[in-house]
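Asks: The structure under discussion is supplied below as structure tokens; questions concerning it will follow.
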Amino acid sequence: MFTLELVGHYSPKLLEANQAYSFINFASIGSFFEQAPSTVAFFCDGMLMSTFMSRVTGRTIGRVSFDFTSIADQVLGSAEQQGKRVYFVGARQSELELFVSKINTLYPRLTIAGYHNGYFDASQVEDIRADISRSKANILIVGLGAGRQEQFVQDALRAGFGGVAFTCGGFIRQEAMATRQYYPPLVNRLHLRAFYRMYREPHTIKRYLIDYPGNFLQLLVMLARHQVAIRVGE
């Protein structure tokens with residue numbers, strides 16, 4: 001049996017935890033079925049997932065994503081105010097450099113302890129973890145795609161990273177390619193983010209139209225057979 005550890009809502013106090021947090025929706029949950037990370041807690045990324053989990057658990061589970069429609073500004077703004085050091089991992093090198101430049105403009109007093117692109121092989125992972133350790137980062141933000149990013153943050157904590165880690169999916173790449181914020185205000189207000197992303201990134205169409213319903217049905221079956229347990233933390 002898998003145990004899915006959910007976090008109902010984001011709180012600034014999470015920045016003081018030595019914990020890895022990720023974000024789950026009906027596309028990314030497929031990687032959870034394949035290999036459930038044992039030391040990662042999940043937020044519900046998307047209105048469908050948060051509504052579903054609220055019904056299943058009988059608790060109010062909020063929609064939380066690591067982007068500027070949700071907690072990215074809270075995390076980075078708090079890091080800037082509190083003098084916390086942030087390390088980014090993800091995207092192509094050119095995208096990452098554009099992203100870092102944008103973050104420096106938005107948060108001029110934020111200390112970026114370091115960054116590394118997301119295109120590396122297994123032989124480089126130890127060196128990246130060592131660089132994260134040398135950087136004395138307090139916050140680790142990793143966007144490597146579902147499954148791989150959860151494994152990375154989990155391994156970072158096991159290797160001695162003493163701060164808080166968040167996965168961020170395509171956040172780094174999306175913000176690098178956006179002139180302002182990735183999602184226009186009207187799209188965000190009307191909860192049309194999935195449709196807008198399919199328009200901007202056609203490769204995500206399969207994710208929303210095929211993976212979503214397939215994984216939804218699989219989750220229903222697993223819940224009915226008691227193959228997955230859901231635990232909600234604070």
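The values are calculated or read from the model by the stated rules, or taken from the named source; none is laboratory data. Computed from a prediction, not measured in an experiment: that's the story for all the values here. As a convention, Cβ positions derive from the backbone with ideal geometry for all residues, glycine included, and neighbour counts pool all protein chains shown.
Asks: Could you please find all residues in region 50-70 being among the aliphatic types (A, V, I, L, M) and either over 20 Å from Gly147 (Cα atoms) or modelled with pLDDT under 95 (or both)?
Replies: Met53, Val56, Ile61
Asks: Taking only region 47-56 into account, find how many residues are touching a strand residue (DSSP E or B) at 6+ places or on another chain (Cβ under 6 Å) and in contact (Cβ under 8 Å) with a residue 24 or more places away in the chain.
Replies: The total comes to 2.
Asks: Let me ask something else about it. Within region 209-222, identify whether any single residue is within 19 Å of the chain's Cα centre (by Cα) and small (Gly, Ala, Ser), and answer yes or no.
Replies: No, region 209-222 contains no residue that is within 19 Å of the chain's Cα centre (by Cα) and small (Gly, Ala, Ser).
Asks: Considering region 87-132 alone, what residues qualify as being under 18 Å from Gly160 (Cβ atoms), among the aliphatic types (A, V, I, L, M) and within 20 Å of the chain's Cα centre (by Cα)?
Replies: The answer is Val89, Ala113, Val125, Ile128, Ile132.
Asks: How do the helices (runs of 4 or more DSSP H) wholly within region 145-191 filter down when requiring 1 or more residues that are in contact with a strand residue (DSSP E or B) (Cβ under 6 Å, 6 or more places away or on another chain) and more than 26 Å from Phe32 (Cβ to Cβ): which remain?
Replies: Passing ranges: none, list empty.
Asks: So, one more: Report, by residue number, each residue of region 192-203 that is free of Cβ contacts under 8 Å to residues at least 60 places away in the same chain and assigned to a helix (DSSP H, G or I).
Replies: Phe195, Tyr196, Arg197, Met198, Tyr199, Arg200, Pro202, His203
Asks: While we're on this one: Could you tell me whether Arg59 is surrounded by fewer than 20 Cβ atoms within 10 Å (Cβ to Cβ), basic (Lys, Arg) and without any contact (Cβ under 8 Å) to a residue 24 or more places away in the chain?
Replies: No; evaluated as a whole, the condition is false for this residue.
Asks: Further, regarding this structure: I want to confirm something. Restricting to region 96-133 and keeping residues that are more than 21 Å from Gln149 (Cα to Cα) and charged (D, E, K, R), which single residue is surrounded by the most Cβ atoms within 10 Å (Cβ to Cβ)?
Replies: In this case the residue turns out to be Lys102.
Asks: Based on this model, can you work out whether Glu150 counts as charged (D, E, K, R), within 20 Å of the chain's Cα centre (by Cα), at pLDDT 95 or above and under 30 Å from Lys84 (Cα atoms)?
Replies: yes
Asks: May I ask you to list the residues in region 158-210 that are surrounded by fewer than 19 Cβ atoms within 10 Å (Cβ to Cβ), among the hydrophobic types (A, V, I, L, M, F, W, C) and within 30 Å of Ile128 (Cα to Cα)?
Replies: Result: Ala159, Met177, Ala178.
Asks: Can I ask one more? Taking the condition of being in a loop (DSSP other than H, G, I, E, B) and either β-branched (Val, Ile, Thr) or modelled with pLDDT of 95 or more (or both), how many residues in region 103-122 meet it?
Replies: Residues in region 103-122 being in a loop (DSSP other than H, G, I, E, B) and either β-branched (Val, Ile, Thr) or modelled with pLDDT of 95 or more (or both): 8 in total.
Asks: Which of (1) surrounded by fewer than 20 Cβ atoms within 10 Å (Cβ to Cβ); (2) in contact (Cβ under 8 Å) with a residue 60 or more places away in the chain; (3) of a type in the set (A, V, I, L, M) is the odd one out, the single condition Leu6 does not satisfy?
Replies: Going through the list (1) surrounded by fewer than 20 Cβ atoms within 10 Å (Cβ to Cβ); (2) in contact (Cβ under 8 Å) with a residue 60 or more places away in the chain; (3) of a type in the set (A, V, I, L, M), Leu6 breaks only (1).
Asks: Are there any pairs, at least 6 apart or on different chains, whose C-beta atoms fall under 6 Å, with the first in region 10-22 and closer than 18 Å to Glu150 by Cβ and the second of a type in the set (Ser, Thr, Tyr), and if so, which?
Replies: If the second residue must be of a type in the set (Ser, Thr, Tyr), the pairs left are Ser22/Thr167.
Asks: Would region 214-224 turn up any residue that is in contact (Cβ under 8 Å) with a residue 12 or more places away in the chain, surrounded by fewer than 18 Cβ atoms within 10 Å (Cβ to Cβ) and among the aromatic types (Phe, Trp, Tyr)?
Replies: yes
Asks: Another one. Regarding region 123-130, can at least one residue be identified that is in contact (Cβ under 8 Å) with a residue 40 or more places away in the chain and either farther than 20 Å from Ile205 by Cα or not aliphatic (A, V, I, L, M) (or both)?
Replies: no
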